[in-house]
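Notes follow the structure.
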């Protein structure tokens, strides 16, 4: 049985009927990893014996009982390394579980291993990892997106049934689009960030990668909920997000932002997205044109706010409390040598940018002004959602690009997230799902759906209706 190609929903039925055991499923996943991860490099750390031990005691009556899940190397799991793909945390072992990890355990999930990422989640290609490059399952010469590229590649390459990533400016949705799976960024505050190593605290959000929208709804039902350990966690109700999946899109208004179809976007991407919009119309949705007028400022605003917050958050990595240490003649030299040797070029670039934006004489001109424009971007969405129930847009302006193609051009790399950044700035929910492929080579194209804050129910409903009326989610890479 090719168990690795199945979905959570399909496997839960097999497990509960006794057709397979959790050990059989976990062993099948480990065999798959053994067979293909030498090519993909999705995983940084595995403990097969521990995964099988979890399987032997899995409670199959629970929502994720016996389901193997991969974890991005930015989430703390007791007894496992947590390096954020950085040399500065080499040798660090977590001493506690992140809240989402505790929720996965309580739901019966089996934690397979830790996936590769851009260092400290700073990147759009997973080329910034200190431990090597992850490759796209559809074309091994191309990137899987980032920063959660390992988590996306693990699901798309069928090395995990589902995975967790983090999304600060598109780091779940963009790699989901480029690898052909479903990636969900929940509303800010819906999922606890406790135990997530922070990049930009006002933007970061944890979410799942899955093979179908229904699986994403199930994963979200498990990991969502108020957490007193996270001061930004919101006490919002957590429904069963699968309950209204089959309600269809009739009577729903889908907003089409004119600012999201720009010059320079890949023609095949635009064609696939416009065809997806026509498909939603054919299912009964009403498509209405909307405007998000401050979209042009989103990239600049993001790279001021995100780098400023990163500058503050990463100050703790100094060689004193945990991780690597390079000794100097005194404390200041130890700090300097440790951070110089431990951080990679992209992390250093963003720390420098953020420190500059926060420095005396520049705070008001840059950081404060960026926060004001952020408010305008959030208001754009609030006004747009008075006219529509969800927004449709491309996820990425291009399909997956070749490894090394943009390494020396940071601005081109940053523009990879031009369609996803605004959602984080506004705090809304967003999802990417497959909507087609390029002709030659065959590469996935992602459709982005954006929902109102805390209205994941409608977001998933629209996504499911589109997914079930199209064949794209059934395609598999020929690894």
* Write down the Kirkwood hydrodynamic radius of region 205-300, to one decimal in angstroms, obtained as one divided by the mean of 1/r over all alpha carbon pairs. => 16.8
* To do: Enter the Cα centre distance for the pair region 92-116 and region 421-450, rounded to the nearest angstrom.
  => 27
* If you stretched the chain out fully between residue 411 and residue 368, how much longer would it get, using 0.36 nm times the residue separation minus the C-alpha to C-alpha distance? -> 13.2 nm
* Asked: What is the mean projected area of the alpha carbon convex hull for region 245-297, to one decimal in square nanometres?
  -> 4.6
* **Computed log₁₀ I(q)/I(0) - Debye formula, equal Cα scatterers, no solvent, region 319-358, q 0.16, 0.18 Å⁻¹** => -0.44, -0.54
* Asked: residue 266 to residue 13: extension gain in nm, 0.36 nm per residue of separation minus the Cα-Cα distance?
  -> 87.0 nm
* Work out the FRET efficiency for residue 321 and residue 287 from their Cβ-Cβ distance, taking R0 = 60 Å, and round it to the nearest 0.05. => 0.70
* Kirkwood Rh in Å, taken over all unlike Cα pairs in region 148-252 -> 14.2
* Asked: Using r as the Cβ-Cβ distance of residue 330 and residue 2, and R0 as 56 Å, what FRET efficiency do you calculate, to the nearest 0.05?
  -> 0.40
* Asked: With no solvent and one point per C-alpha, what does the Debye sum give as log10 I(q)/I(0) for the chain at q = 0.08, 0.12, 0.14 Å⁻¹?
  -> -0.42, -0.99, -1.39
* Just the Cα atoms of region 428-471, one point each, no solvent: what log10 I(q)/I(0) does Debye give at q = 0.18, 0.20, 0.27, 0.33 Å⁻¹? -> -0.55, -0.64, -0.91, -1.12
* If a/c stays under 1.5 just call it rounded; otherwise compare a/b with b/c (prolate if a/b is bigger, oblate if not). Do that for region 266-404, with a ≥ b ≥ c from the square roots of the Cα gyration tensor eigenvalues. => prolate
* To do: Just round it to a whole percent: the fraction of Cα-Cα distances in region 343-410 exceeding 14 Å.
  => 76
* Answer rounded, prolate or oblate for region 76-218, using the Cα gyration tensor with square roots of eigenvalues a ≥ b ≥ c: rounded when a/c is under 1.5, else prolate when a/b is larger than b/c, else oblate. => rounded
* Given a cut-off of under 8 Å on Cα pairs at least six residues apart, what relative contact order in percent is computed for the chain? -> 18
* Kirkwood hydrodynamic radius over Cα pairs of region 23-65, then Stokes diffusion coefficient at 37 °C and 0.692 mPa s, in µm²/s -> 289
* Name the shape class, rounded, prolate or oblate, that the alpha-carbon gyration tensor gives for region 368-479, where a ≥ b ≥ c are the square roots of its eigenvalues, rounded holds for a/c under 1.5, and otherwise prolate holds if a/b is larger than b/c and oblate otherwise. => oblate
* What does the helix-only formula give at 222 nm for the chain: each DSSP H stretch with n ≥ 4 adding -39500 (n - 2.57), the total divided by the residues, and the result rounded to the nearest 500 deg cm²/dmol? -> -11000 deg cm²/dmol
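Each reported figure results from applying straightforward, stated rules to the coordinates on display, with no laboratory input. Treat the numbers as computed from the prediction; the structure is a model and nothing was measured. Positions of Cβ are backbone-derived with ideal geometry, glycine not excepted, and every protein chain shown enters the neighbour counts.
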